[in-house]
Amino acid sequence: MATETWLYIYEGAPRSDEEERRPIYIGIGERMGRVFEQHNPDAERLRDAEGTLIRQTLEPFSSREDALKAEAIAIHVASLMGLDPIYDAEDEDELFNEDDKMVTNIAGTKTSKHLGPAIFTRDGEVAQDEMEGTIIVPITPDSLEGRASAFGGNPGEVFIERAAEAWNIAPDKRPKIRRLVAVLTGSRHVILGSWEVDPSREWELVCPESSSPYSSRVRIPVPHPEQDDVGEMKGKRYVGRLQVGVLYSPDIA
């Protein structure tokens, strides 16, 4: 049975100009009285300091698991804001992975078991007019008919189920295609993945019994779905046109 759990915060008073960061403790407890019970020395010192403000959720989370997710998010946001977050060491294994960076990292790069990238990004641009042998497919952020969304935590072999099908691709263009590039629709146009295409393989019809134009839609043959950063394009910004259907590099179009 799930245990109702509260989240609470000790907000340290503003420090002097000489001190770099304002302390904050973020914790969870199965009773409201937990706020004033024994904690680690740093947390107790902060709680009992003059000017510290204590906050608590007015209603509990329905489970400890949900409260842990909220705690992880609060710690991450506090780091981004330049605060100095303290947390209960007993929660560490449930909050963070072994190779996570220090929670006090002001850059906010601390990751969590409960947080992941919405999409993977990195610096750089890739222009459509500089591509060769490439088919470009538009991907909306939501999942589609049970196939994976563009969430950055999905590995290539999972996301390929979305990127590779189902597209209308003219038969005369298929032999020229050597690469598949998936681009996020909307304002950002981030490249979600790039895969090698083997045009000699079968271009499998996805819904041959459907009515036109769906009956001609195919799955793009990708021999290595797990290799989703061919040409080191993934995460860079796509510069070019997008439309509802597929587009091609200039040598194919």
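Key figures
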item: Failed item in (1) part of a loop (DSSP other than H, G, I, E, B); (2) at pLDDT 95 or above; (3) in contact with a Leu (Cβ under 8 Å, 6 or more places away or on another chain), with residue 172 passing the rest; result: (3)
item: Residue 205 surrounded by fewer than 19 Cβ atoms within 10 Å (Cβ to Cβ) and either closer than 16 Å to residue 179 by Cα or touching a Lys or Arg at 6+ places or on another chain (Cβ under 8 Å) (or both); result: yes
item: Candidates 183, 222, filtered to the one that is at negative phi, in contact with a strand residue (DSSP E or B) (Cβ under 7 Å, 6 or more places away or on another chain), crowded, with 18+ Cβ neighbours inside 10 Å and not in a loop (DSSP other than H, G, I, E, B); result: 183
item: Residue check, residue 231 of a type outside the set (A, V, I, L, M), surrounded by 14 or more Cβ atoms within 10 Å (Cβ to Cβ) and outside any loop (DSSP other than H, G, I, E, B); result: no
item: The stretch 78-104, subset surrounded by 14 or more Cβ atoms within 10 Å (Cβ to Cβ) and either at pLDDT 85 or above or in a loop (DSSP other than H, G, I, E, B) (or both), residue farthest from the chain's Cα centre (by Cα); result: 88
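The values are calculated or read from the model by the stated rules, or taken from the named source; none is laboratory data. Remember, it's a predicted structure, so these values are computed and weren't measured experimentally. In this analysis, Cβ positions are derived from the backbone assuming ideal geometry, glycine residues included, and neighbour counts consider all displayed protein chains.
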